[in-house]
Amino acid sequence: MSSEGSVEGAADPGGDGKTHSLNVCVAAGCLSSGSEKVKVALEDAVKSHGLEHECKVKGVGCLGLCSKGPLVSVEKENVVYQDVEPGDAAEIVESLGKEAVTRLKCDMESPFFTRQTKIVLENCGIIDPERIEDYLAADGYEALSKALTQLTPHDVVDQISKSGLRGRGGAGYPTGLKWSTIAKSVPDSTGRKFVICNADEGDPGAFMDRSVLESDPFRVLEGMAIAGYATGASQGYIYVRAEYPLAVKRLRTAIRQAEKSGYLGANILDTTFSFRIDIRLGAGAFVCGEETALIASIEGKRGTPRPRPPYPAEHGLWGAPTLINNVETYANVPAIIRHGGEWFASRGTEKSKGTKVFALAGRVRNTGLIEVPIGITLREVVFDIGGGVPDGKKFKAVQTGGPSGGCIPAEHLDMPVDYETLSRVGSMMGSGGMIVADETSCMVDVAKFFMEFCMSESCGKCIPCRVGTAQMYDLLCKITSGQASMQDLDLLIELCDMVKSTSLCGLGQSAPNPVLSTLRYFRSEYEEHILNKRCPAGVCKMSNEVVHNG
Amino acid sequence: MAKQVQVKTLKINGVDVGGRGDQTILQVAREHDIEMPTLCHIEGLSDVGACRLCLVEVKGINKLIPSCTTLVEEGMEVTTNSERLAKYRKMVLELLFAERNHICSVCVSNGHCDLQDLARLLGVTHVRYPYRYPRLSVDASHQRFVLDQNRCILCTRCVRVCDEIEGAHTWDVMGRGIEAKVITDLNQPWGSSETCTSCGKCVQVCPTGALSEKGKSVAEMSKRRQFLPYLTTMREERE
Amino acid sequence: MKKIKFATVWLDGCSGCHMSFLDIDEKLLDLAGKIDVVYSPLVDNKTFPGDVDLTLVEGAVSSDEDLEKIRSIRTRTKLLVALGDCAVTGNIPSMRNQFGMNAVLRRAYVENKTIGGKIPNVNLPTLLPEVRPVHELVRVDHFLPGCPPPAEVIEYLIDELLAGRTPDPERRTRFGL
Ligand SMILES: Cc1cc2nc3c(=O)[nH]c(=O)nc-3n(C[C@H](O)[C@H](O)[C@H](O)COP(=O)(O)O)c2cc1C
Ligand code: SF4
Ligand code: FES
């Protein structure tokens, strides 16, 4: 498939000569609001109108605006319908080729759509994730073929380094640097190196990786194969949580199709490069997203982290050098190889290149999956793309980075969203959860929510995290029930510092962040709970029992 | 196979010391009589870096480093005794005491307990965190030994000695976070374990009164650990 | 030299710490020259006076009476010392916490009785749902762990406090001693 064909290809994705395509989002969000029924209704309507030869109905991945689902897009027409019900099917089908159904139309000129830049999600909602033909029509596997036929492994690493891509799994480690370390490292005694894709995605509220896997699984497979070529590995694993059955199913289908078409397996595209990918299911422990725990889990051991060094790059899966990257990191790779590292580096900021996918949720009008250039301001995300806070309420904070991140108050709304700035204000990029809080949220309660999460997800191996998170959670409960003293607040702060500094892995090291950042910007809310036994947002129930020391 | 090992020179607490490249900071420090509290570490078993008592500061690295799992490097400047470290170590012990029911006065290991000794050594005279008083079980189903979860600090020495030295892997850890606990076989009563060889190594390496011999009363359970360095030396010589 | 006002209190403990205190033997005579024992199970005084300089408390806080007592004592003493493991950690009295108060009462007064078991409730202080160490309920100035703390360490602590120094009992005693 030539790249020139791609323009028409996208218009006629299946290459089956049908003029119209109704793309029904069947990713998790829309599925849960009933998009499967809508899809059936549309298929019926197409049949009853006798349009089987002109119009097809296909299930596609996430169209982004999850809060308005079920969503249906009319391909080629730049029309997306929102809140579609099965009863709307006939009207939609009748309107094909004519004026769109105004009543159901999303405003495509709204900033929610116009302010996004899509690289990772470029095929999301356009291709059928279960058909490799669709992916190929959208320039799929062009990058792998270019890498294998025109570039040396060294060139590939070079392009990734030039692109400035940084790991999207949370810490933002430069991907090119990681790849070159593994490329240079000596394979184990049986000649093995491994490539792992981290699809554990355990943050509460995060569904970016899930959407990519459900909407465009081939892209991740292609990224991993390129990584295998660049680093000298011939075996890859995708570690995906078992709670994502749809993603697992689509990945399985995609692997099978890619193998059949010669994009995976032995002698890919008739070269000497061979690369296999297997799926490993995680049982849904947040800590198994930590790379050393993930590796232990793949090895069949209890998923607990171990001290680093040695890093997986030297001593990873079964002791062999191992590359481990996040889903979104791999999903960026095909585009970088296709367009070149410099193209990618022209987006984003000085130190953080490209785009980032966020799951926008909480108190904003438009919630859903968005992809924005890194460096966009928080204000643009919340107020332009997100449409601001509904019901006339006042904005209070954005929580980023999930249980490892922090809350950013209004005074920082104009800061750019990038790795450095986020950590400077006490939060972090994390994997891409973004939750907006308004005046009806209690920040102590938010901190307590995340601490409870960390406490129950702590693996229990090291003492600071195992017991420290439980003690911090108890202290937060004491505060939110009006039973704490100012000494308790001191104890809490001291524990935050200790758990952060002494825990074995990132889970414990970042578990205090939600407390620390809310203390930094909303200390008065803590004091109000403690000194006046009052929750300013009216969220926490105060108990009258007084049992604190003093 | 004799490995080439290089000698490294480094500074610990400002003093020049030397060690082999395959030695940990902890090993080198102890060879030079530098005091270092440890709980999960025990000579002769693999290290897991779990208790965090042996954390040290290393110049140029902004994170604290577990000395039991970190190899010495040329030119390293290590601090083992800063005020900050002392404070964290005390807090680790406080968290442990608050976690389960360590009633020293009626414990079989009273007077022979690593946890109790460390509390004295590091100056923990009281625990500032609320005691959690969890409801925990005692497994006395084994003919010769008792497991008292109330005293367990989850150092996993029993798990490691059983796996690495005895080769039985009777012990493991189950559950997450504060709910984690050591178990025998698939959480079956110890007495019914089909893998346990009743060798008693787990009992001897246990730092507290969590594992003890039956028939021992308060303060009577002192542990005999000489076998461990002996076995490891014998193994190394054979290799 | 003016004598300081000295008190000792016995909450939920076995009186072993008081015994250990008496074990300083002839030193008690020296001490008598420096302190005025204004309240103690060892003397007659029935009410805790105000303006006490130093109070040693033995035992954990187990009943509503203990709680009231220690709260009021805290307001009337300059220095409060938690003496012994029960006061410092909850120790043996706290062993009931993991079973719950009702289960423990039932076991003691009903299940183990051959005839007419009944949980006593008249003229007795009500037990708190959980036994807690003293410092979880009121501020404590000094801690002396041990079950009981050795006589010479109690003596050391009092000497240091009388001399106006901050005692450092670390390494001299420990939990469970
Ligand atoms: C507690 C914890 C959970 C993590 N969960 C994930 C996860 O779900 N997905 C992920 O890609 N990385 C996760 N990470 C980060 C990984 O350890 C690792 O850094 C990442 O997969 C590297 O890929 P990247 O360089 O592409 O970001 C987690 C880290 C910690 C400490
Ligand atoms: S920090 Fe928490 S999750 Fe990480 S090793 Fe320690 S107990 Fe386990
Ligand atoms: S001895 Fe090093 S962490 Fe426990």
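Laboratory data are not the source of any read-out in this text; all were calculated from the coordinates shown. In this text the structure is predicted, and so the values were computed from the model without any measurement. We place every Cβ from the backbone using ideal geometry, glycine too, and count neighbours over all the protein chains shown.
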ask   = Taking H as built 1.01 Å from N, whose amide H comes closer than 5 Å to the amide H of residue B:145, not counting residues under 5 places away?
value = B:214
note = For region A:355-438, the Debye formula with one identical point scatterer on each Cα and no solvent gives log10 I(q)/I(0) at q = 0.17, 0.22, 0.27 Å⁻¹ as -0.56, -0.99, -1.58
ask   = Looking at chain A, what % of its DSSP beta bridges pair antiparallel, to the nearest 5?
value = 50
message = Highest mean first, how do A:268-280, B:126-138 rank when packing is the count of other Cβ atoms within 10 Å averaged over residues?
response = B:126-138, A:268-280
query = What order do you get for C:7-16, B:180-189 when each peptide is scored by the mean count of other beta carbon atoms within 10 Å, highest first?
reply = C:7-16, B:180-189
ask   = Given the alpha-carbon gyration tensor of region A:132-345, what are the semi-axes of its equivalent ellipsoid in whole angstrom, ordered largest first, with each equal to the square root of 5 times an eigenvalue?
value = 23, 20, 17
ask   = By per-residue mean of other Cβ atoms within 10 Å, what is the highest-first order of C:67-79, A:241-253, C:114-126, A:311-323?
value = A:311-323, A:241-253, C:67-79, C:114-126
task = Just tell me how shielded A:492-502 is by partners: mean number of partner chain Cβ atoms within 10 Å of each residue's Cβ, no decimals.
result = 4
ask   = Can you tell me the Rg and the Dmax, both Å, for the Cα atoms in the protein assembly as shown?
value = 32.9, 112
key: Extent along principal axes [Cα atoms of region A:20-114; Å; largest to smallest]   = 36, 27, 19
key: Whichever aspartates and glutamates have a C-alpha closer than 12 Å to that of residue A:162, once near sequence neighbours (fewer than 8 apart) are set aside   = A:342
ask   = Using modelled backbone amide H atoms (1.01 Å from N, in-plane), which distant-in-sequence or interchain residues come within less than 5 Å of residue C:8's amide H?
value = C:39, C:40, C:56
ask   = What is the Cα convex hull volume of region C:5-148 when expressed per residue in Å³?
value = 126
task = Take the Cα gyration tensor of chain B, multiply each eigenvalue by 5, square-root it, and list the three semi-axes largest first, rounded to whole angstrom.
result = 32, 23, 15
remark   = Restricted to the protein assembly as shown, the DSSP antiparallel beta bridge percent, nearest 5, is 50
ask   = Out of region B:1-102, which trypsin sites (Lys or Arg not before Pro) are coil in DSSP terms and have no more than 12 other C-beta atoms within 10 Å?
value = B:3, B:59, B:63
task = Past 29 Å, Cα to Cα, is the threshold; run A:396/A:500; A:37/A:394; A:301/A:351 against it and keep the listed order.
result = A:37/A:394; A:301/A:351
request  = Rounded to the nearest Å, what's the spacing between the alpha carbon centres of region A:56-133 and region A:297-353? Just the number, please.
outcome  = 32
remark   = hull vol. (C-alpha, convex hull) per residue for region A:218-367, Å³ -> 167
Exercise: per-residue mean of other protein chain Cβ atoms within 10 Å, A:78-86 = 0
query = Roughly how crowded by other chains is peptide B:127-138, in terms of the mean Cβ count from those chains within 10 Å of each of its Cβ atoms?
reply = 6
task = Whole number please: convex hull volume per residue, Cα atoms of region B:110-151, in Å³.
result = 81
ask   = Between region B:96-110 and region B:200-239, what's the alpha-carbon centroid distance in Å?
value = 19
query = Rule-of-thumb check for region A:443-531: C-alpha Rg over 2.2 N^0.38 Å?
reply = 0.98
query = Counting DSSP beta bridges with both partners in region B:1-149, what percentage is antiparallel, nearest 5?
reply = 85
note = Checking B:92, B:108, B:15 against a Gaussian network model of chain B (alpha-carbon springs below 10 Å), the top fluctuating residue turns out to be B:15
ask   = So what's the net charge close to residue B:57: Lys and Arg +1, Asp and Glu -1, counting the other residues with Cβ under 10 Å from its Cβ?
value = +2
remark   = Rh (Kirkwood, all Cα-Cα pairs) for region B:87-227, Å, reads 15.5
message = Output wanted: per-residue J couplings in Hz (rounded whole) for region A:319-324, from phi through Karplus 6.51 cos²θ - 1.76 cosθ + 1.60, θ = phi - 60°, x for Gly and Pro.
response = x, 8, x, 9, 8, 10
task = Consider all pairwise Cα distances in chain A and report the whole-number % of them above 37 Å.
result = 34
message = How are the alpha carbon pair distances in region A:302-362 distributed across 10 Å bins from zero to the largest one, expressed in percent?
response = 17, 33, 29, 21, 1
Chain A, relative contact order [Cα under 8 Å, separation at least 6], % = 13
ask   = Mean 1/r over all different Cα pairs, inverted: what Kirkwood radius does region B:1-132 give, in Å?
value = 16.1
query = Pairs A:461/B:223; A:353/A:448; A:393/A:541; A:58/A:260: which are spaced more than 26 Å apart, C-alpha to C-alpha?
reply = A:353/A:448
request  = Output ³J(HN,Hα) for region A:122-131: one whole-Hz value per residue in order, computed from phi by the Karplus curve 6.51 cos²θ - 1.76 cosθ + 1.60 with θ = phi - 60°, and x for Gly and Pro.
outcome  = 4, 9, 5, x, 10, 9, 7, x, 9, 10
